[in-house]
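A.B. asks: First, the structure itself, so that you have it in front of you.
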Amino acid sequence: MTDEMTARLGESYRPVIEDNTQLLKTSIETGVRVTGDRELLMQMLVNLMENAIRHCSSGTLISLSLSQGDKAALLTIADNGCGVPSEELPKILRPFYRLEQGRSSVGSGLGLALVDAIARLHGICLDLSDNGPGLKISLAFSNKPNAVLQPQPRYSSDTISVLSARTTSGLRIRKLLQSVAGYLSV
């Protein structure tokens with residue numbers, strides 16, 4: 001994944017964000033590169049952008065930034081919307097978990113669970129925090145080549161059996177979840 005891909009992603013969502021009368025601010029440092037599965041990393045970013053768009057009201061500012069630090073590349077997606085109560089932050093990464101306020105919106109509660117699985121597969125440090133107001137999601141990518149870790153299952157008793165395996169992307173995500181966390185009951 002590169003700075004150019006991240007910038008293109010932001011620009012491709014700009015019309016959707018503007019149609020929702022939301023605002024997009026991007027800050028993409030040039031020359032930033034991270035290693036990993038391109039399709040899965042893009043799926044992770046798409047899930048994060050769509051989550052911000054879907055769960056923020058009109059007038060919300062959504063920020064997308066990418067920078068290179070000494071030890072890691074840092075990608076942040078933040079908003080100044082209603083946010084997530086602090087006691088709910090650890091729960092929103094669980095498969096099928098939805099905040100009470102989000103139950104009326106479209107979605108299955110799998111987006112952030114997939115983000116978490118992809119991050120763990122790539123050895124990315126995922127941090128959810130209060131943006132005062134809003135939500136801030138930070139992804140710290142290791143600068144070490146081949147920094148993919150052996151992930152440990154987070155929810156060994158949970159199952160996800162509703163993913164469609166009809167598309168290449170669906171197959172890749174299904175295999176990812178099987179290998180990363182044993183989520184699927186096949």
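A.B. asks: Quick one: in region 58-69, of everything that is at pLDDT 90 or above and not in a strand (DSSP E or B), which residue is nearest to Ile124 (Cα to Cα)?
C.D. replies: Thr60
A.B. asks: Filter region 2-52 down to the residues that are free of Cβ contacts under 8 Å to residues at least 60 places away in the same chain and part of a loop (DSSP other than H, G, I, E, B), then identify the one that is surrounded by the most Cβ atoms within 10 Å (Cβ to Cβ).
C.D. replies: So the residue we want is Gln22.
A.B. asks: On the basis of being polar (S, T, N, Q), farther than 19 Å from Thr35 by Cα, surrounded by 13 or more Cβ atoms within 10 Å (Cβ to Cβ) and at pLDDT 90 or above, does Ser129 make the cut?
C.D. replies: Against the criterion (polar (S, T, N, Q), farther than 19 Å from Thr35 by Cα, surrounded by 13 or more Cβ atoms within 10 Å (Cβ to Cβ) and at pLDDT 90 or above), Ser129 qualifies.
Conditions tested, residue by residue: (1) in a strand (DSSP E or B); (2) modelled with pLDDT of 95 or more; (3) small (Gly, Ala, Ser).
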| site | (1), (2), (3) |
| --- | --- |
| Thr76 | yes, yes, no |
| Ser104 | no, no, yes |
| Leu112 | no, no, no |
| Lys144 | no, no, no |
| Leu149 | no, no, no |
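The values are calculated or read from the model by the stated rules, or taken from the named source; none is laboratory data. The structure presented is a predicted model; accordingly, all values stated were derived computationally and were not measured. Ideal geometry is used to build each Cβ from the backbone, glycine not excepted, and the neighbour counts take in all protein chains shown.
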